[in-house]
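Asker: Could you have a look at this structure, given as structure tokens, before my questions?
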Amino acid sequence: MPLTTIFRQLARGFAMGSADIVPGVSGGTVALVLGIYERLIDNIHRGASALRSLLSRDGSGAVSKAKSVEWGWLLSLLAGILIAIAALSAIIEQLLDEQAIRTSSVFLGLVAGSVVIAWRLIDMRTVIHGTIAISVGIALFLVLGLRSDTHAAGPELVTRPIWVFVLAGALAICAMILPGISGSFILVMIGMYTEIIGAVNDRNLAVLAATGIGCIIGLAAFSTLLNWLLEHHHDVVIAAMVGLMLGSVRVLWPWPNGTSTTSLAAPQDDVIIPFALMIVAAAVVVFVERISSRSAPSDS
């Protein structure tokens with residue numbers, strides 16, 4: 001794979017990893033904007049298919065399917081994601097704490113621009129697709145409101161049985177590849193965030209392995225379903241993803257206190273700069289999408 005493509009993938013992965021750190025934003029949103037979402041899901045699906053063949057003791061089939069995966073493209077993207085998480089998690093956490101309103105305004109602008117771009121990806125836009133997007137958005141908006149605090153509180157201890165971590169991992173990884181909501185927020189919603197953080201802090205390898213197995217199972221099963229849906233019901237799936245991004249506004253709305261709560265309030269005090277940041281962020285997303293679409297034909 002050309003060096004320029006590797007650097008491009010690292011940059012794309014870095015952008016996706018940066019998004020995954022933020023509650024209410026998903027790396028899947030960035031993948032949509034950059035025009036690589038369907039290619040990403042297709043490669044994950046191929047890898048999952050190879051894994052299934054291996055587990056069913058079909059060695060030749062597993063090798064054949066594994067060769068169809070664009071490993072260089074996929075692994076360089078993953079490397080960018082991991083670099084972003086390692087490099088930016090502390091910085092973004094600090095910004096969300098010290099500049100909550102302005103920082104969430106930037107993320108809201110990014111998602112707003114992403115909604116516009118994702119809507120354009122629908123080949124034949126109809127009233128039905130608009131209805132799907134609005135319905136999914138309202139549903140997610142209401143679900144996110146079930147928990148007002150997006151930062152889990154309480155002792156970071158492992159108290160649940162192992163099988164619960166398998167389910168939590170499967171559910172969280174599905175959210176991570178869907179635009180509009182992050183896997184970490186899903187863990188907060190189901191009360192598993194502090195449990196998994198506790199397992200990380202305690203170096204609880206059994207629990208971490210169970211969570212990892214859940215991620216593999218969830219990614220394999222969900223990527224297969226999502227790949228099929230994109231192939232057979234492309235426009236409906238994209239419309240639903242637009243709805244997920246619309247619903248995530250519940251977390252990203254800057255007032256009263258940024259992404260730390262799903263409670264909503266009218267703009268007050270610091271208003272002009274946050275709205276300016278939203279507009280700039282949305283414009284940046286549209287600009288990046290246009291640049292990406294121009295370079296897509298030569299990408300490999």
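Asker: Of the residues 25, 115, 166, which exhibits the maximal mean-square fluctuation in a Gaussian network model of the chain defined by a 10 Å Cα contact cut-off?
Answerer: Result: 166 has the largest fluctuation of those listed.
Asker: Let me ask something additional. Pull out the extension gain between residue 213 and residue 163, defined as 0.36 nm times the separation in residues minus the alpha carbon to alpha carbon distance; nm, one decimal.
Answerer: 17.0 nm
Asker: For region 205-273 and region 60-115, what is the separation of their C-alpha centers, rounded to whole Å?
Answerer: First find each Cα centre; the distance between them is then 13 Å.
Asker: Further, regarding this structure: Of 230, 244, 34, which has the largest mean-square fluctuation in a 10 Å C-alpha GNM of the chain?
Answerer: 230
Asker: Taking the number of other C-beta atoms within 10 Å as the exposure measure, put 167, 110, 146, 229 in order starting with the fewest.
Answerer: 146, 229, 167, 110
Asker: Need the full-extension length gain, residue 232 to residue 123, defined as separation in residues times 0.36 nm minus the C-alpha distance. One decimal, nm.
Answerer: Length difference between fully extended and current span is 37.9 nm.
Asker: Let me ask another. Grab the DSSP H runs of the chain that are 4 residues or longer, score each as -39,500 (n - 2.57), total them, divide by all residues and round the 222 nm result to the nearest 500 deg cm²/dmol.
Answerer: Taken over the chain, the calculation gives -24500 deg cm²/dmol.
Asker: Can I ask one more? Let me check against my output: what whole-number percent is the relative contact order of region 1-104, with C-alpha pairs under 8 Å and at least 6 apart?
Answerer: In percent, rounded to a whole number, it is 39.
Asker: For region 3-298, what relative contact order do you get, as a whole percent, if you take Cα pairs closer than 8 Å and at least 6 residues apart?
Answerer: 31 percent
Asker: Another question, then. Tell me the label-point distance for the pair residue 54, residue 206, using the 7 Å Cα-to-Cβ offset, in nm and rounded to one decimal.
Answerer: Between residue 54 and residue 206, the simple spin-label model gives 2.6 nm.
Asker: Rank 211, 126, 224 by mean-square fluctuation in a GNM of the chain with C-alpha springs under 10 angstrom and give only the top-ranked residue.
Answerer: 126
Asker: Still on this structure, I have one more. Report the extension gain between residue 66 and residue 116 in nm, rounded to one decimal, defined as 0.36 nm multiplied by the number of residues separating them, less their alpha carbon distance.
Answerer: Between residue 66 and residue 116, full extension yields an extra 14.5 nm.
Quick note: the coordinates plus some simple rules give every number you see, no bench work behind them. Just so it is clear, the structure is predicted and the values come from calculations on it, not from any experiment. Every residue, glycine among them, receives a Cβ derived from its backbone with ideal geometry; neighbour counts consider all protein chains shown.
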